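So the structure is just underneath, and the comments pick up after that.
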Amino acid sequence: MANTLSAKYGLKRVINASGRMTILGTSTASDTVMEAMSQGGQQYVEIADLVDRAGQYVAGIVGSEDAVVVNSASSGIALSIAALVTKGNIRKSLRLHQEPLVQNEIIMLKGHNVQYGAPIETMIYLGGGRLVEAGYANEGTADHIEEAITERTAAIVYVKSHHAVQKNMIPVEDAWDVAKRNGIPLIVDAAAEEDLQKYVRYSDLVIYSGSKAIEGPTSGLVAGRKLYIDWIKVQLKGIGRSMKVGKETTFGLLQALDEFGEKQDTSTQEKEDLQILLALNELAGVSVDIVQDEAGRRIFRARVKIDEGAARINAMQLAESLRTGDIAIYTRDYGVREGFFDIDPRPLSGDDLQVLESRIRQLIGGQ
């Protein structure tokens, strides 16, 4: 059906070897998730009641006081900031960016100010916050955060992501200690993380994507203290109106959460599947190794290194050629300027790996 729909609208076949990336639709949902969305979309519900009950259901899974389903992790950031800078005040919430906000500084480590498809600082400002960077691009300590706290501080944001600088950055536990010691709410952006309970324990609000590790529809969830979740719900009648989530999406996310708790760890098999790419080592200028995710998750990828002198093509050119072919093959390209790209096996299915391996051979070896 997916290939039929793509052909109907003139879309290319896409092989997603880059991971759960928003530009490619993030993830594919199971048949049971799609069925839940279908059933949810074909009935009427009281949306306010659904918001409350869905949040309570999510909270029971992740172990928080309460939660709210949102339409993306990005909106979760903006709504969380808006909640904390307005403290749920209805007038300030409805007139965000019009009413003066005295306490709206948001502290974040400089190495966490990432561009993930949009700048995280944009989401902070959208929510009425004013970013205060702490530390340096290659060092972020508890003292850096603590020294940035003033009477105008509304929250601290901690980003747990492969996008963020990993070197010399304090763990979330240390940021949590600073927040508690100073009575400042801590928001953790854990959009792509797979541990749905850990970050609840070390935050006042934690944000997850519903369509990355959870593999649900495009959505997000915010979990944490009930008071702050109540403040977020106030925003749903303000800036959150432009970020509303449909009933079908909510039901799909709840089903995906049910299935997420039953998923087996497939990382060993995925690591084994990548062995087919090791045969590319026989090509001049090509070196393939299996590496683990830089943020420490149990995700294994094939790293394809290109020696431009021997291969007569560099990593950036090869990745571009893969992406622009008749079949669009997207690799994980964060390292192309350093001479390599990665192959993420998680989104691959069918003959994707074989097609990818054959295409690399064709582009480099003329085979």
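The values are calculated or read from the model by the stated rules, or taken from the named source; none is laboratory data. None of these values were measured; they are calculated from a predicted model. Glycine gets a Cβ as well: all are built from the backbone with ideal geometry, and neighbour counts include every protein chain shown. Side chains included, ligands, DNA and RNA excluded: accessible areas come from the protein's heavy atoms. Shrake-Rupley method; radii C 1.70, N 1.55, O 1.52, S 1.80 Å.
May I have the extent of the alpha carbons of segment 128-278 along their three principal axes, as whole Å values ordered from largest to smallest?
53, 44, 24 Å, listed from the longest principal axis down.
Give me the Kirkwood hydrodynamic radius of the chain in Å, from all C-alpha pairs, to one decimal place?
For the chain, inverting the mean 1/r across all distinct Cα pairs yields 21.9 Å.
Treating the beta-carbon of each Lys and Arg as +1 and of each Asp and Glu as -1, no other charges, what is the dipole magnitude of segment 20-164 about its Cα centre, to the nearest 20 debye?
340 debye
Which percentage, to the nearest 5, of the DSSP beta bridges contained in the chain is antiparallel?
If I count the DSSP bridges inside the chain, around 55 percent turn out antiparallel.
In sequence order, what are the phi-derived ³J(HN,Hα) couplings for segment 214-221 according to the Karplus relation 6.51 cos²θ - 1.76 cosθ + 1.60 with θ = phi - 60°, rounded to whole Hz, with x for glycine and proline?
Coupling constants for segment 214-221: 6, 6, x, x, 4, 5, x, 9 Hz.
Return the sequence-ordered ³J(HN,Hα) values of segment 11-18 in whole Hz as given by the Karplus equation 6.51 cos²θ - 1.76 cosθ + 1.60 applied to θ = phi - 60°, using x for Gly and Pro.
Going residue by residue, I get 8, 6, 5, 10, 9, 9, 9, 9 Hz, with x marking Gly and Pro.
Please work out the Kirkwood hydrodynamic radius for segment 209-264, using every pair of different C-alpha atoms, and report it in angstroms with one decimal place.
Taking every pair of different Cα atoms in segment 209-264, averaging 1/r and inverting gives 12.3 Å.
Given the options Ala279, Val336, Gln292, identify the residue whose Cα lies farthest towards the positive end of the charge dipole of segment 278-347 (+1 on Cβ of Lys, Arg; -1 on Cβ of Asp, Glu).
Going by the charge dipole, the pick is Gln292.
Check each of the trypsin sites (Lys or Arg not before Pro) in segment 252-352 and keep only those in coil by DSSP with at most 15 other C-beta atoms within 10 angstrom; list them in order.
Here the trypsin sites (Lys or Arg not before Pro) that fit, given the DSSP loop and packing criteria, are Lys263, Arg297, Arg298, Arg312.
Which residue fluctuates most in the GNM of the chain (Cα springs below 10 Å): Pro119, Pro347, Pro185?
Result for the chain, Cα springs under 10 Å: Pro119 fluctuates most.
Can you work out D for segment 302-352 in µm² s⁻¹ from Stokes-Einstein, where Rh is the Kirkwood radius over C-alpha pairs, the temperature is 10 °C and the viscosity is 1.306 mPa s?
So the translational diffusion coefficient is about 139 µm²/s.
Among Ile107, Ile343, Ile327, which one shows the highest mean-square fluctuation when the chain is modelled as a Gaussian network with alpha-carbon springs under 10 Å?
Sorting by GNM fluctuation, first place goes to Ile327.
Based on DSSP loop calls and a cut-off of at most 14 other Cβ atoms within 10 Å, the longest stretch of the chain free of exposed chymotrypsin sites (Phe, Trp or Tyr not before Pro) is what?
45-333
Can you pull the Rg over Rh of segment 1-147, Cα-only, Kirkwood?
1.05
For segment 322-367, give the percent of accessible area contributed by carbon and sulfur heavy atoms, probe 1.4 Å, rounded to a whole number.
Exposed carbon and sulfur together represent 42 percent of the surface.
Only helical DSSP H runs with n ≥ 4 go in: add -39500 (n - 2.57) per run for the chain, normalise by residue count and round the 222 nm mean residue ellipticity to 500 deg cm²/dmol.
Mean residue ellipticity, 222 nm, calculated: -11000 deg cm²/dmol.
Taking the Cα centre of segment 11-83 as the origin and placing charges on Cβ (Lys, Arg +1; Asp, Glu -1), which of Ala17, Gln42, Val69 is farthest toward the positive end of the dipole?
Farthest along the dipole direction, towards plus: Ala17.
For segment 186-286, give the percent of accessible area contributed by carbon and sulfur heavy atoms, probe 1.4 Å, rounded to a whole number.
48 percent
Would you mind pulling out the separation of the Cα centroids of segment 219-233 and segment 69-124, in Å?
When both Cα centres are located, 13 Å separates them.
Over the alpha-carbon set of segment 250-367, work out the extent along each principal axis and list the three values in angstrom, largest first.
For segment 250-367, the Cα extents along the three principal axes come out at 51, 30, 24 Å.
Report Rg(Cα)/(2.2 N^0.38 Å) for segment 254-306, keeping two decimals.
This ratio for segment 254-306 stands at 1.50.
Please state the equivalent ellipsoid semi-axes for segment 167-252: what are the square roots of 5 times the Cα gyration tensor eigenvalues, largest first, in whole Å?
25, 18, 10
If you build the convex hull over the alpha carbons only and average its shadow over all orientations, what do you get for segment 37-105? Give it in nm² to one decimal.
6.4 nm²
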